[in-house]
Each structure stands twice: as C-alpha cells, then as structure tokens.
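The values are calculated or read from the model by the stated rules, or taken from the named source; none is laboratory data. Remember, it's a predicted structure, so these values are computed and weren't measured experimentally. Note that we place each Cβ from the backbone using ideal geometry, even for glycine, and neighbour counts take in every protein chain shown.
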C-alpha cells in the first residue's frame, strides 16, 4: 500500500489518546472494607466481566477511529501489479504533453520520433470514451511558455484528434519541466472528480528538464497520474553543427572574414562527413571532417570575402541523416561598404602627431591602399551644426570641449534615429557643459551621456601611470576576441588620467583596475552611444601605440557603424526578438518574412524595455524584417537551434545508470529505477508516476497506472461507520452498568404507608371478641 | 423515673445526645405499653381474656351463665393475668454489624443503644426483657427477667458484645422461634444481610408461633447510598471476599440489588404483619425510637 500524503500517517499516533485516557482512569484502585458484598452477585460480576470485554472493544473502536481517520487523510492506494484490475469508473481527464522539439525530428528506421509520439498520443486518445476530456500541451521551448492548444480539456475528442493529425515537429528547444507543470495545472481545470492523467510523450532529453520555481505555474494534485512515455532512438547517433564563431560582428567588403564552425559527434562511433559553407544560397566552401571520434568535437575554418556591402545571409551545413534539424547553422551579416564616419576634432593641431585624431586616423588607415573601408570626415565642433548627419552611420567626438546647442539637438536626433556616437574625453572636456547638455532629465532619453561626469582622476601632466585596464566584458562582440588574447591584450596599457563618470543604467564594458568606468555603452533610442573616459591619443594613455588599439578601434567602429539589428541578429528558436523603438518613430509597423516564406508581424509587448517585439521564431532559418511595402529596407536576423538540442543524452539513460550498490541494481529493473528516479528527482512528492519504456506497452501501462484502488474513500466510510457505532455501544454499556440506579425506598418510622400496613397488636379483649364471633 | 444506672449504652455523655433520656423514656414507655398489659398504676381495668371449661374446685363466681345458656355446658371466665410482658431482644452481632462509614457508631453499637434503651424502658414498666446475641450461632443469651438484676445482666452482655462471624439469620430465627415457648414480643435488631427469602421465612415462623415481631433493620447510610465513586476493590467484612470492578459499575449494581433486597424484606414483613422500620445509623437513636414508638402508640391507641 502507498500513500499520497504519507505525512498524515503521523496522525495515527493520536490513537493513543483514548488508551491514555483509559489507563489513567484505570489507575485508581482504591480499596475499602465494606459490610457486605452479597449484593454484588456472581451474576452481576459475570455480567460485568462481559461488559469489560465490551469496554475493551469500545476502546479499540475509539483507537481505530483516530487511526483510520489519519490513514484516510494520508490517502492510501494500492497498485497491484500483474493482477486483474479494478478500473476506475470515473470519467477521465487526459492532458497529452507532446514533445515537438527539434530532437524529436530524429529519424530511426525511416520514422521520426515525433511520428511515433504522435501515434502513441492517438492511441491514448482512442482509449477515451464519451464524457472524457482531453487537452494538448506542446513541450517546445518558447519565451511565452509552452503552447497550450486548448485552454481547458475539451470533450470534443475529434478536435483533439485533428490537432494531433496536423501538428508537426518544430525547431524549438525542449522545455519538458514547464510543459508538465502546465499540463498538471490544466488537468485540474475544474473540480470534477475525474481520473486525472498526464501523458508525457517525449524522448526525455536530459537538457529538456530543468528546475524552476513551480509557483509560476502552480503545483499539481497528488492524485494526478503521470505517465512518462519514452519515445527514443535505440542508440542515439548525431552529428551536429553546435556553434559557429565569426571573426567580427560586422564584416567589411573586401576583408577576408573568418567563419569557424564547431562540429560535435554525439555518436558512439567515429564518423566522417562533409562540411559546407553557403553564402547567399551559394556553396562557397567545403571541408572534409575525417575520423571524428565519439563524443569529440572539432572546429573547422572557412574564409570568405564579401564583395559587396549590405545584408548577406548563409549557413554552415554538415551531412547527417539522423537528426537533420541541427545540421545547419545560419548567419546574417550586414557587410560594411566603405564607411564614412564623421569625426569632431576637439583639439586639432598643425603638428600631426599632436593632433587629437592622429592615432585614430592612423589606425583606420592601416588597410592597404585602395582598400580603405573606413573613411573619416573631420570637422571642428563649431562646424558640426552645418553637417548633415544622416550621411554617416557614426559620429566620433574626440576631446570636444563644447558645441552649439543646435548641434547637440541634432546629435540627439541622429542617435535616436539609429546612428552611433563614440565619445572620447580628454583635457578639453568641459564637464559643466557635458553635464548640462549631454546629461539630465531635461534631455531626450536623459541625455547622450549615460550619467554626469564626476571629475578628473589622475594627473595628465604626470609621468607616472595612474592605472591600467582592469576588468572588461569579454562577452561583448567588440571585446570578445581580447578575452583569449588572440587580437591583443590590454595588459600593457597604462593610463595617467581619466574622467570618472556615473554610468547610470549603461553597460560598463571596460574598467580601470581601480574600478573606474572606462568604456560605457548606452542605448539611446534606436542608436547607441559609447563613451571612452580617456583620450584617443597619447596625451593620457599609451593605448594608441599598443597593438591592441587597432583591432579595438576597428571593432568599436564596426560595431557602432552597423545597423540597429546587426548587433543583435542572432537568436535561438523560440526567442523573442526585440525591436528598438525611437522617440521619433515610435511603435512602427513592421513585417517579418519567416524561413518558410510566410509573413508575420511585429507586435507590442508589456515589457517596457522592449515594447515592440517579434515572437514567431519557432523555425530555424533566416528572417527578414521590413516596413510594409518596403522589402528593400529589410534587415535580416537568424534563429538557430539551441546547441543543447543536439545533445541526445536521455533521462532514462541517466537514471538507469547502474547504482553503486550492486544489490540494489539487481533488485530493481531498469524501468523501476527510472520510474523511481523520476518520482524522487524530477517530481518529488508525486507518488502516481509511471515510466513507460516502450510506447507499445502504453495501453497496459495506462491501465496499471491509473487503476488500482484508491482506498481513502473506503477508509473514510469505515470511519463514519465506526463513528456512528461508537456512541451506540458506549451508550448501551453506560446505561447498563453506569447509569443512575433505580430509586430505593427506605421505609422510615414516618412512613404512612408502612404504618398503615402495621396491624395493631392483638389485645386479650379483641381476641375474645374474635373468638366469640367464631363460636356458636 | 428513677435515675438510670450507669451503663455504656445508657451513658448520656457517651451517647451524646441522650440528655433527655429519662423524659423520652417515660414517653416511650407510656405510649408503648398502654393497652398491652396491665399497668401498675391504679385505675386501669382488668380485661377479660378467654373461657375455659368449669372443673370442680374452680371459683363459681366466674361462671359465664350466658355461655351455659347457649351451650348447656359450664364455662368460667378467665381474666388477663396481670403479668409483665415478655420481650426478647435479638441483637445481630455478625461481622457486618461492625461496619460504620462516617458516623460515630457502628451498626452493632447503634443496635446496642436501641436494645439497651428498650430493655431499660421495659424494666421501668416492670416488664421482662431478655437478650440474645447471635451471628452464625447464638452466642449469648440473657434470660427474660424483670427488675434491675435482669437489666444489669442484659447491659453487661451488651457491653461485652463484639462483632463476630458470618451471618446465618434464617437458621437462627427458626431455632429461636421454636425455642421461645410463650407468646412474646420479639424485637430483632439486625442488618438482615442474609438470603432475604430465608429471612422472611424465618420471621414468619415467629408469627406462626403467635409472637409479636418488630424488625428494626439497622443500616449504615453508606450501605443505603453507596457513595463511593472511586472504589475499584471491595473486601467483604464477613467473608473476606474481594471483588475488583469499575467504581461506577459497583454503585449501580449494588444499589439495584439493595433495592430488591429491601423490597423483599419489607414486603415479606408487611405481609406477615411484622412491624418493620429501617433504623439508619445516621439518625440519632433516640430520635428514631421516639418517632417510631410515637407512631406505633397512635396506631395502637
């Protein structure tokens, strides 16, 4: 026998209460010497002894009452195995959790796992009868949570069947834990006393189950039967492209661009395959992967040179017949043409090496002659207002003291519309001006600066170094290549001085080793502002003459020069794609062409940080976003399958791994171990869990799992019967042996009745008269 | 009334509340015996008792000629002999009579007070009283005698009376009914803890022998109410028998059996014209006697 709420069994200890009361009363054994015991006849004593037996039975009944009630609350049930079963007569409410994640597209013997899962779901559906209800929850991972096909279980089983017939496997990741939680909540949709069942039809991928806060979806009921049906390949084999590393966030025309795909062998055997690179639907590269051992991965390399600017898309592909979904990895880049950048020189000099922009120009001009892709247009601050900023993707302010108010306003509008702004501070920087014009609640979006300038740190005129570069964000696309030192190191960079500023909500990408923000990124409308708190020349730092300066500048400028979507155009399937919103354009209307050619729309959200977003990323592939009627303005982004989906480590293999105790391993079957582990590890506190290793056994397992005897109603009935009998028995014993005795009439000298019955003593005269009366 | 002699059971101080004993005794005596026997005081008539056949030598003045006219035979009138009444005080001294609960007197002591008082009053009226104490056997017998010497012997016997063995009332009463030859007043002072049918049957034997019987059923208040609610073991004072049970069950069972017992005894007495009264030891014995005898006097006057 098992219990749904075993903690209530502690209540059986209350059965001791009647016993304690009985014993405490029995301890009084006062003895007296009395005049007679003749009135306590043997018959009375015999009868009384019988009553003692009855009293003990009464005591047992009372103890049983307490114990049974506690047992009933613990909800006992029996699940006999291999026995003809008593099937519940209750109507059934069934929720099918169908795993439509990418891994279910695995093909074995010409059939996908998803098709097998669908067949099992249909088998369950066909076992339902009129009056039963069903619902479907899809286990693919989405930002909005698992897809619930029916808001509540429906008695229209035909509709459910229709959904099953048409649903397809997706490119989504697996989210079994939330799907099961959602299903449990759904099966409790109303208070009908149905037989509640949840069937999880999945390959039970290990990566698909994670611990989360159940309060998000609510916990299920203890008497819901959960069936985990394993639809899995016998021996999982998979070769996948799990990741691709790109040389830069934004390739440039004519510049060789490195693409490095990572190939992982999830198989148990050494495999070989062909790796291909496609750009703009053309195969531009091919590599052979030879002898990749089981469980190992290899990183290959492609170099491609984009001949034209603009958006280019493509993918890396491996050949593998089992799970096709993870054979490709997509990319989309906006390739930079020759980029014109406007630089505002705050400290020009006729001596070239003393000019504020000398080192910046030298770095950007380091490309071979005729191949300069970044061109600088230089102005002084007073001339900024005359420039049409819309011709430039990026404006650089280098050690600017101040500028006309008009120029500030135009700059704000420029960045808000999607332009980039890179600010280098320096000795000319007028903190009062910047704090007034570039920061403050009266400025658009709170100002171009992330926060006010606090003050100068260090002595620009000193020869001793103040600080070095400390922590930096190696996850940022600009700085990622500096993490492993491939493109240089920041370790030899010294600073004599820098400005301290309040970063506010901005991302601090680089800090000095004393913690002062050095490079901050600040979102401004549709554009981005980056602030470097030291100089771009050698006045305050030796950075411009260090090897890391050139690749750093290129990445920085390339990053800020790219289109608004470019820096975030790589997503996973199921992700929400946020669309930047500017103060000028507001919540604009945008269309999205999906990989299958269908058109979707960008919609509004409740997230104030991302009020506009696209949520239809369930397909892996290339998406194009554009204003209605303006496809030529489309910006591309991609959604790829999560690398976890390629990992075919399955839960039942993990749980069935041999325990350290051999005796335990022998005593339990594989299925029993898995079922026990699911119950204890994945769903602690849910006793009604059944693991079905073979979908072919689903019918029998369903009968076994949802049948059995739920005993608590019977136990409660027994409690009621005992509770009704107890007072009747107690009353009978009490009346017979402990009730009020009948009244005793004690005749006293005062009693008239007694005296009336007294005959007067016979006197001699009366005797004579009596005799005379009797004589003749 | 002369000053009563000093005996334990007549000691006013020892008895506590019998300070009016001389006065009460007078009332008792006059009321009790009026009409039963010839009083020594003048003015009381001599009562005709019965006829007997005339025999030569009898006083011819007493020949009842009316009877001769009816029967053609000679009968003489026989008058009530002016003798004292004979009274037997039968005092139960079985072990159960030694019981007392919260009161000052055991049943035996209470009964002794009753016996002593009655004996003294009869002696005062020149009646003869005797005492027989018994348990399962007749233990001591003081012959019926008039006067101070008889009273003295009776009091001495009472003062030496201690609770004895078990009860055997039926056999004792039957034996005494046969032993007491002359018509007498038999006053039984006992708790009657024996088979009620046997007791009633034996009492009827007394009546069959023409004795006048008074039963003063002496009981302790605890025996009437069984006020114990926390007793689970009872030891019988006579038999030593021990019984273990539940206190509440004890009480109900005991009281119901006691009620049946009392009804049997009382009913048996009443049907045999035996005067029956329950003497509860919580009532002062002189109060009990005074009340009882006053009622009896009213009935007999």
- Query: When you scan the stretch A:426-443, how many residues do you find that are part of a loop (DSSP other than H, G, I, E, B) and in contact (Cβ under 8 Å) with a residue 60 or more places away in the chain?
  - Reply: 4
- Test each condition in (1) within 7 Å of another protein chain (Cβ to nearest Cβ); (2) in contact with a helix residue (DSSP H, G or I) (Cβ under 8 Å, 6 or more places away or on another chain) for residue B:264 and report the one that comes out false. (1)
- Query: Which condition does residue A:485 not pass, out of (1) in a loop (DSSP other than H, G, I, E, B); (2) in contact with a strand residue (DSSP E or B) (Cβ under 9 Å, 6 or more places away or on another chain); (3) on the phi > 0 side of the Ramachandran plot, if it passes all the others?
  - Reply: (2)
- Query: Regarding residue A:103, is this residue in a loop (DSSP other than H, G, I, E, B) and over 17 Å from the mean Cα position of the chain (by Cα)?
  - Reply: no
- Task: Scan the stretch B:268-282 for residues that are assigned to a helix (DSSP H, G or I), more than 8 Å from every other protein chain (Cβ to nearest Cβ) and either crowded, with 18+ Cβ neighbours inside 10 Å or touching a residue at least 24 places away in the same chain (Cβ under 8 Å) (or both) and jot them down.
- Result: B:268, B:269
- Determine which member of the set A:251, A:236 is touching a helix residue (DSSP H, G or I) at 6+ places or on another chain (Cβ under 9 Å), at pLDDT below 90, crowded, with 20+ Cβ neighbours inside 10 Å and more than 30 Å from residue A:674 (Cβ to Cβ). A:251
- Among helices (runs of 4 or more DSSP H) completely within the stretch B:127-219, the ones holding 2 or more residues that are within 27 Å of residue B:268 (Cα to Cα) are B:169-179, B:196-208
- Counting only residues that are modelled with pLDDT of 60 or more, give me the helices (runs of 4 or more DSSP H) lying completely in the stretch A:678-767 with at least 1 of them. A:698-706, A:712-733
- Considering the stretch A:254-284 alone, what residues qualify as being buried (at least 21 other Cβ atoms within 10 Å of the Cβ), at pLDDT below 90 and farther than 30 Å from residue A:310 by Cβ? A:266
- Residue match in the stretch A:349-357 (condition: touching a strand residue (DSSP E or B) at 6+ places or on another chain (Cβ under 6 Å), surrounded by 18 or more Cβ atoms within 10 Å (Cβ to Cβ) and farther than 30 Å from residue A:400 by Cβ): no
- Inside the stretch A:444-478, can you point out the residues that are free of Cβ contacts under 8 Å to residues at least 40 places away in the same chain, over 19 Å from residue A:490 (Cα atoms) and surrounded by fewer than 17 Cβ atoms within 10 Å (Cβ to Cβ)? A:459, A:461, A:462, A:463
- Message: Residues that are away from chain A (no Cβ under 13 Å) and either buried (at least 22 other Cβ atoms within 10 Å of the Cβ) or closer than 18 Å to residue B:285 by Cβ (or both): does the stretch B:184-198 have at least one?
- Response: yes
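Yes/no matrix, rows are residues, columns are (1) within 15 Å of the chain's Cα centre (by Cα); (2) within 27 Å of residue B:261 (Cα to Cα):
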position	(1), (2)
B:128	yes, no
B:176	yes, yes
B:190	yes, yes
B:201	no, yes
B:204	yes, yes
B:207	yes, yes
- Item | Given (1) at pLDDT below 80; (2) assigned to a helix (DSSP H, G or I); (3) farther than 22 Å from residue B:296 by Cα, index of the condition residue B:109 fails | (1)
- Task: Being modelled with pLDDT of 70 or more and farther than 24 Å from residue B:197 by Cβ is the filter here, so list the residues in the stretch A:23-36 that pass it.
- Result: A:23, A:24, A:30, A:31, A:32, A:33
- Message: Given the condition part of a helix (DSSP H, G or I) and under 39 Å from the mean Cα position of the chain (by Cα), answer yes or no: does some residue in the stretch A:415-423 qualify?
- Response: yes
- Message: buried (at least 17 other Cβ atoms within 10 Å of the Cβ), at the interface with chain A (Cβ under 8 Å from one of its Cβ atoms) and at pLDDT 80 or above: which single residue out of B:236, B:246 fits that description?
- Response: B:236
- Message: Go through the stretch A:390-403 and report how many residues are within 14 Å of residue A:343 (Cβ to Cβ) and either without any contact (Cβ under 8 Å) to a residue 12 or more places away in the chain or surrounded by fewer than 20 Cβ atoms within 10 Å (Cβ to Cβ) (or both).
- Response: 2
- The condition of being modelled with pLDDT of 85 or more, in contact with a strand residue (DSSP E or B) (Cβ under 8 Å, 6 or more places away or on another chain) and within 17 Å of residue B:187 (Cα to Cα) holds, among B:266, B:296, only for B:266
- Note on the structure: Checking A:44, A:39 in turn, the sole residue that is crowded, with 19+ Cβ neighbours inside 10 Å, modelled with pLDDT under 80 and within 14 Å of another protein chain (Cβ to nearest Cβ) turns out to be A:44
- Message: Being surrounded by fewer than 24 Cβ atoms within 10 Å (Cβ to Cβ), out of contact with any strand residue (DSSP E or B) (no Cβ under 8 Å at 6 or more places or on another chain), at pLDDT below 95 and assigned to a helix (DSSP H, G or I) is true for just one of A:89, A:123. Which residue is that?
- Response: A:123
